[in-house]
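Accompanying notes for the structure given below.
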Amino acid sequence: MIYRLPPLNALRVFEAAARHLSFKEAAHELSITQAAVSHQVKSLEEYLGVELFRRSGRGVQLTEAARAALPRLRDGFDALAAAVEQIRERGGETDLAITAPPVFTARWLMPRLADFSKRNPKIEVRVVSSSKMVDAGALDSAVMTGTLDLRDDTSGVEIHLGLGEYPGYRSDRLFGVSMVVVANPELGNVLKRPEDLARQVLLHDDAMNLVAHGNAWQKWLEAAGVGDRVDAAHGPHFSSNILSLEAASQKLGVALALRPLVNDDIASGRLVAPFATEMKPIGSYYLVCPEVIADRPAVATFREWLLEKAGSS
């Protein structure tokens, strides 16, 4: 429907003058001159073809036509103000989709996410875990999984373990990682030296091999100086670090893990890290999002919160 309306500013001036029954008070409220009020009222009367005010002493009185129209005009302005406020509030409720590696999601993000929701109850969060967020060996080009539609209310951000070089995307470094050996506390008690691993089941997973850009166990054993004394090839394989860590906690063997992601498991006693050797792979965790949406309220709020939490890790 096409609405044939006079200028909105003229209607606004008329409503103020009608409410105060004074051009002077309307001018004061709207921060304009009294002459400007008279001009807007006159232009509205010419547009409508009716008289709206009559002079009465130092003030003005509404005509019958103006009195009849004023209640509906006020209702209209109230409805317009409510609509604008709804739009403004909607702008602060943008949905946020977060895609992150499985182990980062489960071991680091999820224990902290309740704090974000408590601070920002109007932001609806959807979390997706994907192994594609580990850039192959932290060397190859990143695979961006999201498709961006600027008309969509949902903003998408990703957590990558990589080098942070993503053309067209804004990336914020969260923290680096180090690879350590972890085991169930009962099993950890018998592990005194790295060569003791020769008598243990080594749990392998695809994610650690991807992070290490090769056989993760072989590289860790070499860093510990026992690469020629422990067979890095034997042991069951898992598709993700989440599974190998769960297997380690159930005493099925010894796994590799990334610090600080397992710091909470170690602090709680669920797992132990029996050796001091830590292998530092190439790459760090980064928050990544398209430059064109980086300043959206939900994205900016999440970035500020995430960097705060990462800094305290």
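Data table
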quantity	calculated
Scope region 35-69; condition of a type outside the set (D, E, K, R), in a loop (DSSP other than H, G, I, E, B) and under 19 Å from Ser22 (Cβ atoms); matching residues	Leu52, Gly57, Thr63
Selection status of Asn184, crowded, with 18+ Cβ neighbours inside 10 Å and under 21 Å from Thr105 (Cβ atoms)	no
So Leu210, is it open to solvent by 40 Å² or more (accessible area, probe 1.4 Å), assigned to a helix (DSSP H, G or I) and either out of contact with any strand residue (DSSP E or B) (no Cβ under 9 Å at 6 or more places or on another chain) or closer than 27 Å to Lys132 by Cα (or both)	yes
Region 46-64, subset under 21 Å from Pro6 (Cα atoms) and touching a helix residue (DSSP H, G or I) at 6+ places or on another chain (Cβ under 9 Å), residue most open to solvent (accessible area, probe 1.4 Å)	Tyr47
Of all residues in region 270-313 being without any contact (Cβ under 8 Å) to a residue 12 or more places away in the chain and of a type in the set (A, V, I, L, M, F, W, C), the one that is surrounded by the most Cβ atoms within 10 Å (Cβ to Cβ)	Ala300
Residues within region 118-167 that are modelled with pLDDT of 55 or more and not charged (D, E, K, R), tallied	23
Qualifying residues in region 153-196 (those that are part of a strand (DSSP E or B) and of a type in the set (D, E, K, R)) - the one nearest to the chain's Cα centre (by Cα)	Glu158
Residues of region 12-30 that turn out to be open to solvent by 30 Å² or more (accessible area, probe 1.4 Å) and at negative phi, as a count	7
Failed item in (1) modelled with pLDDT of 95 or more; (2) open to solvent by 10 Å² or more (accessible area, probe 1.4 Å); (3) more than 30 Å from Val292 (Cβ to Cβ), with Ile242 passing the rest	(1)
Arg259 vs. criteria buried (at least 16 other Cβ atoms within 10 Å of the Cβ), modelled with pLDDT under 95 and out of contact with any Leu (no Cβ under 6 Å at 6 or more places or on another chain)	yes
All positions within region 194-245 that are without any contact (Cβ under 8 Å) to a residue 24 or more places away in the chain and more than 22 Å from Pro281 (Cβ to Cβ)	Asp196, Arg199
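The values are calculated or read from the model by the stated rules, or taken from the named source; none is laboratory data. Because the structure is a prediction, the values reported are computed rather than measured. Reconstructed Cβ throughout: ideal geometry from the backbone, glycine too, with neighbour counts over all protein chains shown. In case anyone asks, the SASA skips ligands and DNA or RNA and just uses the protein heavy atoms, side chains included. Shrake-Rupley method; radii C 1.70, N 1.55, O 1.52, S 1.80 Å.
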